[in-house]
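Contents: one structure, followed by commentary.
Every number in this text was worked out from the coordinates using simple rules, so none of it is lab data. Please read these numbers as outputs of a predicted model, since none were measured by experiment. Methodologically, a virtual Cβ is constructed for each residue, glycine included, from the backbone with ideal geometry; neighbour enumeration extends over all protein chains shown.
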Amino acid sequence: MNLIAIDPGYSKRSQGCACALFVGSALFSVWFERRPSSPRLLSRGDGPLVDRIIVEEPQQDERTRGIPPEVIARLAWEGGTLGAMYAGLYGCKFFGRTPTAWKGGLQKPVHHGRLWDVLSDDERIVLGGAATLREIEAAKERGALARWKRPGVEYYRSGWTTHNLLDAAALGATELGRLLK
């Protein structure tokens, strides 16, 4: 199965939705994409490359405490419309998963560490290699020292947006059964 996993985003700082393409069960590429730009056309020449789209479906819970409902709605809109554009382009299935459904209550840096453990060396390079691992490890250490009193994203360096690409990759890996919550 080939799939695109989408972690919704829309702010200038986030660069848009984070996308991860899996070919078979391997992470092939990651990128940021904004709607309403034309989605990337990925094909083998003999038919569609992608047969499934999975999008994180934002939810309001303790992880999003303090985030206005209109922001949650905008995230859902951006991710959902980009996912629908891809599904229409490829004529494939389109699914949503809430964070609780695909990663449970794990803090973001811990979940990213688990993702890193199941990736091949080639897949790690797609996500930035050793530099990304250093960021994950530093965020895990900061979170543990603070006893995870804040949302997981706050333990990453300000402006480091690769955490969104890691979320998209983790969502796809979970959907493919490579990563358990």
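The order of the peptides 159-169, 141-151 by mean Cβ neighbours within 10 Å, most packed first, is 159-169, 141-151.
Using the Cβ-Cβ distance between Glu62 and Ala138 with R0 = 30 Å, the FRET efficiency computed as 1/(1 + (r/R0)^6) comes to roughly 0.80.
Ranked by the mean number of other Cβ atoms within 10 Å per residue, highest first, peptides 63-73, 25-35, 115-125, 4-14 order as 4-14, 25-35, 115-125, 63-73.
Structure remark: mean-square fluctuation, Gaussian network model of the chain, C-alpha springs under 10 Å; the largest value among Gly88, Gly79, Gly16 belongs to Gly88. A crude spin-label estimate for the pair Val23 and Ser11, with each label 7 Å from Cα along the Cβ direction, gives 3.4 nm. Working from label points 7 Å from Cα in the Cα-to-Cβ sense, the Leu145 to Arg124 distance is 2.4 nm. Let me make sure I get this right: for the range 3-175, a, b and c are the square roots of the gyration tensor eigenvalues over alpha carbons, sorted descending. Under 1.5 in a/c it's rounded, otherwise prolate if a/b > b/c, else oblate. Which is it? Since a/c reaches 1.5 but b/c is at least a/b, the shape of the range 3-175 is classed as oblate.
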